[in-house]
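The values are calculated or read from the model by the stated rules, or taken from the named source; none is laboratory data. Keep in mind the model is a prediction, meaning the values are calculated, not measured. For neighbour counting, all protein chains shown are included, and Cβ atoms are generated from backbone atoms with ideal geometry for every residue, glycine included. Side chains included, ligands, DNA and RNA excluded: accessible areas come from the protein's heavy atoms. Shrake-Rupley method; radii C 1.70, N 1.55, O 1.52, S 1.80 Å.
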Amino acid sequence: MTVKPPDIKLDEILKGEKVAVAQALNLLEDKKPSSLARRVKLVETLSLNAKPERHIIGITGPPGVGKSTLLSRIIPVYRDQKKSIGIITVDPSSKMSGGALLGDRTRISYDPKDADIFIRSMAAGYHLGGLAWRTRQCLTLFESIYDRIIIETVGVGQSETEIEDVVDTVVFVVQPGSGDVLQFMKAGIMEIPHILVMNKADRKTLAEKSKNDLEAVASIANTDMEEWNLALTMTSALEGWGVDALVTAIEKHGLYLNERNISEKRRQNRIKWVHMIFRERFGSFGVDMLGGEKNILRLLKYADIINPFEEVQTLEKMLWKAISDSRLAASASSAI
Amino acid sequence: MEKKVNQIKDKPWLMRTYSGYASAKESNNLYRGNMAKGQTGLSIAFDLPTQTGYDSDHILAHGEVGKLGVPMRNYEDMEVLFDQIPMEKINTSMTINAPTAWVLALYIATAKKQGADISGLRGTIQNDILKEYLSRGTYIFPPKPSMRLTADVISYAVNNIPKWNPINICSYHLQESGATPVQELAYTLANAMTVLDSVKERDDVRPEDFPKVVGRISFFLNAGIRFVEEICKVRVFTKMWDRICRDHYGVEDPKLRKFRYGVQVNSLGLTERQPENNIARIIYEFLSVVLSKNARARSIQLPAWNEAFGLPRKWDQQWSLRLQQIMAFETDLLEYDDIFEGSEVISKKEKELAEEAEAELKMIMEMGGAIEALENGYMKRNLVKSNAKRLREIETGKRIVAGVNKFIEGEPSPLTENTAQSFLTVDDAVEAQQISSLKRFRKSRDPNKVTFALDHLRESIMAQENIMVASIKCAEAGVTTGEWADTLRDVFGEYRAPTGISGVLIGKLDNDNVLRLRAKIQQLNEALGRNLKLLIGKPGLDGHSNGAEQIAVKAREVGMEVVYEGIRLTPEKIAESALQEGVHVVGLSILSGSHLSLVPEVIGCMKQRGLESIPIVMGGIIPKQDIPKMDLNIIRRVYAPKDFDLNKIMNEITDVVAHANNIELSVTEDNTGDS
């Protein structure tokens, strides 16, 4: 039968040894029922080993705005600061074939000898929300190894908001002339990110025109949100300028979060993760049986989620109970 | 149309052979031999390190030195290359793009040394960077600084070497990437207009000299096998260009509006199976660019019959030269006026092509020109799409290729009886020799002069001066190709072009083979626990990515997850990506002939990372006798261009992965393609 899976070596993983990290990723992505127990155990262990100083950054925006090239420019800035980086790029899957083209690597340049950088591409599969079902598990792994974790994904509007429930800092990238996206933000159809980047700002005339739209978004954001002022940056990933300012803005948001309760925000994100796994397994029927999404989030409100899979099991037990209760109620009512 | 009444024989076109290999000395020897056989112009092929701006001892150059052309590192190489060839008299074509300014600087410095009057130099240098992003892959810098370099060369040439054609804008490689005639017309002319516009913006070209610039733009075309359509294509090129020059650029002198072009007929369609048939293909393709007097090529180079499986020998090149000489000197072609004038059939087809091409051109120009259509991936996406369509037609037999997908039964060819001797191989010792000659050269020069020249180069780039002047000084000071290019890399940065593959939609009309394959891959995915993940990359410097792109598109269509790494990768980078991505199989594409040095390196780097159990499949121009020289426990399949049945390839890759993971698949096995 199949080849015996390699052992997972936690100490090597935590040291960021790439062979061990890669094997751990392969296990975290493994859907085989026979791997489930090991996978769940690994997530739990990793959750207990998260690096306290980590910062999770999401880079999103419409296709073609230059996210990967921008990422390629961000890497050396962080590496110069001696920060290790884990990167997850997510690309859509073909609905027709299930296949996917993961082409971000061609645009991200890095030194293959550099021990402190790791890039993993994944296909979103049929999972809703723009991320892959395994993105969060892999993120848990990276959280135990790297100083900065960047998730890059395509986002265009309403349905692609999952990234906000996963990362600490949302960076939304647009290009000159992306009026629509900015209108969505202004109209409240789309969440406003923490940092808004206009890439390709080397296209000067067009960039100047679009800047007004950006500022309009900023003025709305800065009255709506609490103390964080939406940061606007102009970059040219192609010509390589504006990237330092972007990284400074990202770091500033990290500090802002650290001064507040970042662990609470991350706990909330993990609650949403539990809800997501539950919904994927039991669908809206399951969610409804437990009183809807809000109620599920309320049920989990005080949970200190080390192992999301365990929480799902708890919810699952509640679900079976709810189902049998409703059957009882139904038979009772038919008896009358 | 003006009609000539006299029956003076037309002058024959320039006859060239695209060649060069091993070293400047060997290539010089080859050129002199070819000229003795009646060749009237040179066409220099540079090796890939030169084309991508690396010295022979750079890590990426390993395995590529002297393989596909002559290594050109410094003025000494240029001197040896033109030993006993008077540069003042010869007409030279140089296929070089990103480092155009540098190679032209070496040429000019050498011509000066030979005592030539440089204002009389004749020839052309490719200098067409836009198509490198779309097809050929030997770009280095981002589009904007690249366009500046292009314009620098043009403006320098117009002012200093006025008989030189400082650019030839290529439709050639677009056709190789799958362009339809309409796309060839539209994209090439859009590229030409973008080049002209960028020269026009500059202040070193006086407005009254601009028509001269227009008059120096030349083109480099391809001729495919559908030769009636091709005849019409070149005629439409001539007419559209004339119109653009007159209406858009206001050029009044009709001579300056002439569409002047050189041709290499299509190498893509040449087959490895029954290779003698290629001679017929070459001739039919050749017809399309000589038959019309009003749209006849200025210079022609024909490929050799055996190019699909190796480098042509001197005799193979001679055979192709004779094809040209027989056409020009034995037939009566040159005695007649344009033989298609007045043909309704031809003019109807011309009109059809022109209308479609005009519309497409208009769209690109409205989009913002060729650079925009390049950066946003529009052109590349459409090329990949057309190429996928073309391949599908061959796969399904809709497009017939004799000896390949039809009329396959044949006698053994006496031409290839002794395979190892039916083409040229470059001795592996060449690389070491070239590296040691380079090291000797570096020691022999005055380091202060080199540093000074490079500093000056950097300053003049920053000061927006024409790069040619400082480059010629660098050439004379003994700067090397790698040093010159590194200086520019440092200032301009490097670029990765859009791959075009992600925008290709998967067709809804899936045939049974594709559906069966998807089911099989689905089954494998479940057994693996993760979706089948394939890494595709091109090690080395070869930038011909069409094959790799088509495999990537197909793999996604049948349901694989494809990590597409692109071109110009070190073996270590490929191994590192295989590790980080957790792929099940690696696909390598190598067309430059450097597989025997690159493949073991990739395997070595993978072993270092504990990836020895990951199988590799490869594609490219791999001679049969080289296959057993590779580690076949790891290299599980080797595909050649003749393996056109992509479903079959996908099926085999699936089997390779299943086998490597000890998985037995129960899906029926008859899904091996259409043929």
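Report the gain in length on full extension from B:Glu664 to B:Glu79: 0.36 nm times residue separation, minus Cα-Cα distance, nm rounded to one decimal.
On the way: separation 585, 0.36 × 585 = 210.60 nm, distance 6.18 nm.
Result: 204.4 nm gained on full extension.
Since only B:Gly410, B:Val426, B:Gly377 are under comparison, the one whose Cα sits farthest along the positive direction of the charge dipole of the stretch B:366-438, derived from C-beta charges on Lys, Arg, Asp and Glu, is B:Gly377.
Indicate, rounded to the nearest 5 percent, the antiparallel portion of the DSSP beta bridges found entirely in the protein assembly as shown.
On the way: 2 of 86 bridges.
Counting DSSP beta bridges with both partners in the protein assembly as shown, the antiparallel share is about 0 percent.
Computed as a quarter of the hull surface, the mean projected area of the alpha carbon convex hull for the stretch A:188-310 stands at 10.4 nm². Using the structure shown, select from B:Lys385/B:Lys533; B:Lys258/B:Lys349; B:Lys520/B:Lys642; B:Lys163/B:Lys258; B:Lys113/B:Lys439 the pairs with a Cα to Cα distance greater than 19 angstrom. Violating the 19 Å limit, Cα to Cα: B:Lys385/B:Lys533; B:Lys258/B:Lys349; B:Lys520/B:Lys642; B:Lys113/B:Lys439.
What does the convex hull of the Cα atoms come to per residue for chain B, in Å³? Please list the in-between numbers first.
Numbers: hull volume 107.2 nm³, N = 675.
It is 159 Å³ per residue.
Give me the percent of the accessible area of the stretch B:308-379 that comes from carbon and sulfur atoms, probe 1.4 Å, all protein chains in place. Kindly include the intermediate steps, with their values, before the conclusion.
Details: 2070 of 3700 Å².
Reported share for carbon and sulfur atoms: 56 percent.
Over the alpha-carbon set of the stretch B:143-273, divide Rg by the Kirkwood Rh and report the Rg/Rh ratio to two decimals. Intermediate values should be presented prior to the final figure.
Values: Rg = 15.4 Å, Rh = 15.4 Å.
On the Cα set of the stretch B:143-273, Rg over Rh gives 1.00.
Only Cα sites of the stretch A:250-304 enter the Debye sum here, all with the same form factor; the resulting log10 I(q)/I(0) across q = 0.32 1/Å is -1.20, listed in q order.
Straight-line cross-link reach from A:Lys15 at under 16 Å between alpha-carbon atoms covers these lysines, not counting any fewer than eight positions away in the same chain: A:Lys51, A:Lys82, A:Lys83, A:Lys113.
Just tell me how shielded B:558-569 is by partners: mean number of partner chain Cβ atoms within 10 Å of each residue's Cβ, no decimals. Intermediate values should be presented prior to the final figure.
Details: counts 3, 7, 6, 11, 8, 13, 7, 4, 4, 1, 1, 3.
If you average over the peptide's residues, the count of other-chain Cβ atoms is 6.
Given +1 at the Cβ of Lys and Arg, -1 at the Cβ of Asp and Glu and no other charges, the dipole of the protein assembly as shown around its Cα centre is 360 debye to the nearest 20. Helix A:204-224 axis versus longest C-alpha principal axis of chain A: approximately 50°, rounded to the nearest ten.
Projecting the Cα atoms of B:Pro181, B:Pro145, B:Asn159 onto the dipole axis of the stretch B:85-219, where Lys and Arg carry +1 and Asp and Glu carry -1 at the beta carbon, places B:Asn159 farthest toward the positive end. Taken over the C-alpha atoms, the stretch B:362-454 has Rg and Dmax values of 25.4, 66 angstrom.
Can you compute log10 of I(q)/I(0) for the stretch B:193-233 with the Debye formula, treating each Cα as one identical point scatterer, at q = 0.25 Å⁻¹? After summing over all Cα pairs, the log10 values are -0.82. Legend: translational diffusion of the stretch A:1-81 by Stokes-Einstein, Rh = Kirkwood radius over C-alpha pairs, 25 °C, 0.890 mPa s; D = 158 µm²/s.
Could you give the Stokes-Einstein D for the stretch B:442-571 in µm² per second, using the C-alpha Kirkwood radius, 10 °C, 1.306 mPa s? Translational diffusion coefficient: 84 µm²/s. If you line up the long axis of helix B:100-114 against the longest principal axis of chain B, both from Cα atoms, how many degrees apart are they, to the nearest 10? Around 50 degrees separate the two axes. Charged side chains reduced to their Cβ positions (Lys and Arg at +1, Asp and Glu at -1) give chain B a dipole of some 880 debye around its Cα centre.
Each label was represented as a point 7 Å from its Cα along the Cα-to-Cβ direction; for B:Leu632 and B:Glu494 these points are 3.6 nm apart.
One Cα centroid belongs to the stretch A:208-274, the other to the stretch A:306-336; the line between them spans 42 Å.
Within a straight-line Cα-Cα reach of under 17 Å, B:Lys351 can be paired with the following lysines, leaving aside sequence neighbours fewer than 8 residues apart in one chain: B:Lys233, B:Lys239, B:Lys362. State the three equivalent ellipsoid semi-axes of the stretch B:511-560, derived from the C-alpha gyration tensor as the square roots of 5 times its eigenvalues, in descending order and whole Å. Largest first, the stretch B:511-560 gives 25, 14, 5 Å.
When the alpha carbon gyration tensor of the stretch A:19-157 is reduced to an equivalent ellipsoid, the three semi-axes, largest first, read 22, 21, 13 Å.
Looking at B:Cys474, B:Asn546, B:Ala519, which one has the Cα that reaches farthest to the positive end of the dipole of the stretch B:428-565 (charges on Cβ: Lys, Arg +1; Asp, Glu -1)? Going by the Cα projections, it comes out as B:Ala519.
Return the calculated 222 nm mean residue ellipticity for the protein assembly as shown, to the nearest 500 deg cm²/dmol, obtained by summing -39500 (n - 2.57) across DSSP H runs with n ≥ 4 and dividing by the residue count. Numbers along the way, then the final one.
On the way: 34 runs with 467 residues, N = 1011.
Value at 222 nm, helices only: -15000 deg cm²/dmol.
Could you list, bin by bin from short to long, the percent of Cα-Cα pairs of the protein assembly as shown in 20 Å steps? P(r) for the protein assembly as shown, in whole percents per bin: 12, 42, 34, 11, 2, 0.
Leaving out ligands and nucleic acids, note down the accessible area per residue over chain B with a 1.4 angstrom probe, in whole Å².
Values: 25760 Å² over 675 residues.
Here the per-residue accessible area is 38 Å².
Rg to Rh ratio, the stretch B:1-156, alpha-carbon atoms and Kirkwood radius?
Details: Rg = 17.0 Å, Rh = 16.7 Å.
Dividing the radius of gyration by the Kirkwood radius yields 1.02.
If you wrap a convex hull around the C-alpha atoms of the stretch B:132-207 and split its volume per residue, what is the figure in Å³? All intermediate terms of the calculation are to be shown ahead of the outcome.
Numbers: hull volume 7.5 nm³, N = 76.
Spelled out: Cα convex hull of the stretch B:132-207, divided by residues, is 99 Å³.
Relative to one another, the C-alpha centroids of the stretch B:45-95 and the stretch A:12-48 are positioned 51 Å apart. R0 = 25 Å: FRET efficiency of B:Asp332 with B:Val228, Cβ-based, nearest 0.05? Efficiency for this residue pair is about 0.75. Extending 7 Å from the Cα toward the beta-carbon at both B:Lys351 and B:Lys11 defines two label points whose distance is 3.6 nm.
Using the Cβ-Cβ distance between A:Ala322 and A:Tyr256 with R0 set to 45 Å, the FRET efficiency works out to roughly 0.65. Accessible area per residue was computed with a 1.4 Å probe on protein heavy atoms; B:Tyr21 scores about 40 Å². Legend: P(r) of chain A from all alpha carbon pair distances, 10 Å bins from 0, whole percents, reading 5, 23, 32, 24, 11, 4, 1, 0. Taking 0.36 nm per residue of separation and subtracting the Cα-Cα distance, full extension of the segment from B:Arg122 to B:Arg313 would add 66.0 nm. Could you name the aspartates and glutamates whose alpha carbon sits less than 20 Å from that of A:Lys95, not counting residues in the same chain fewer than 8 places away? Within the straight-line limit of under 20 Å, A:Lys95 reaches these aspartates and glutamates: A:Glu29, A:Asp104, A:Glu160, A:Glu162, A:Glu280, B:Asp510, B:Asp512, B:Glu526, B:Glu557, B:Glu561.
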